[in-house]
Amino acid sequence: MVPAGTPAAVKQRLHAEGAKALGADDVKGRIRGLGVEPAAPASPEDFGAFMRSEMAKWGKLIRERSIRTD
């Protein structure tokens, strides 16, 4: 995640570097060691769409159930 207005070139560079790191065998091993199967990183646009979808889904539940934090 980056702040709104971050230049596209910066987002693309961060995505490329993150994908490179997540593709390394030692990183994959550490992720698997946590009980998670590593997946190919989504594009910045796909990740943004996923986050918007999740916020809508969980926001609705939170509002319907009047969930509050203390």
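Each reported figure results from applying straightforward, stated rules to the coordinates on display, with no laboratory input. Values in this document were obtained by computation on a predicted structure and should not be read as measured data.
By the equivalent-ellipsoid construction on the alpha carbon gyration tensor, the chain comes out with semi-axes of 28, 20, 10 Å, ordered largest to smallest.
Only lysines eight or more places from K28 in sequence, or on another chain, were considered; those with a Cα closer than 26 Å are K11, K20.
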